[in-house]
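Novice: First, the structure itself, so that you have it in front of you.
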Amino acid sequence: MMSANPIIQHDDEETAAFLAAVQEGIADADAGRTVPYAAVREWLLSWGTEHEKPAPHCK
């Protein structure tokens with residue numbers, strides 16, 4: 001069975017930073033700090049247009 005907190009060896013700083021960011025994202029999602037897909041999609045589709053929208057915020 002896989003542990004909830006597996007031991008991970010980091011080969012380099014970039015990998016360690018990536019894994020830390022993933023863990024932070026998982027913690028945010030677990031705590032309910034998310035941005036709805038529709039809001040992100042609407043924002044991204046506005047990029048490069050005359051009516052670019054501001055970045056959406058967590059709900």
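Here, each number is a calculation from the coordinates, and none is a lab measurement. Keep in mind that what you see is a predicted model, and the values were worked out from it rather than measured. All Cβ positions, glycine included, derive from the backbone under ideal geometry; neighbour counts span all protein chains shown.
Novice: Tell me, in nm to one decimal, what length is gained between F18 and W43 on full extension, where the rule is 0.36 nm per residue of separation less the Cα-Cα distance? Show your work: numbers first, answer last.
Specialist: Working: separation 25, 0.36 × 25 = 9.00 nm, distance 2.46 nm.
Going from the current span to full extension adds 6.5 nm.
Novice: For the pair A31 and C58, how long in nm is the line joining their label points, each one 7 Å along Cα→Cβ?
Specialist: 0.5
Novice: So what are the ³J(HN,Hα) numbers for the range 44-59, from phi and the Karplus equation (6.51, -1.76, 1.60; θ = phi - 60°), rounded to whole Hz, Gly and Pro as x?
Specialist: With coefficients 6.51, -1.76 and 1.60, one gets 4, 5, 7, 4, x, 9, 5, 10, 4, 8, x, 4, x, 10, 4, 9 Hz.
Novice: Tell me, what ³J(HN,Hα) does each residue in the range 16-26 have, in order and in whole Hz, if you take phi through Karplus 6.51 cos²θ - 1.76 cosθ + 1.60 with θ = phi - 60° and put x for Gly and Pro?
Specialist: Per residue, the Karplus-derived 3J(HN,Hα) values read 4, 5, 4, 5, 5, 5, 5, 4, 5, x, 5 Hz.
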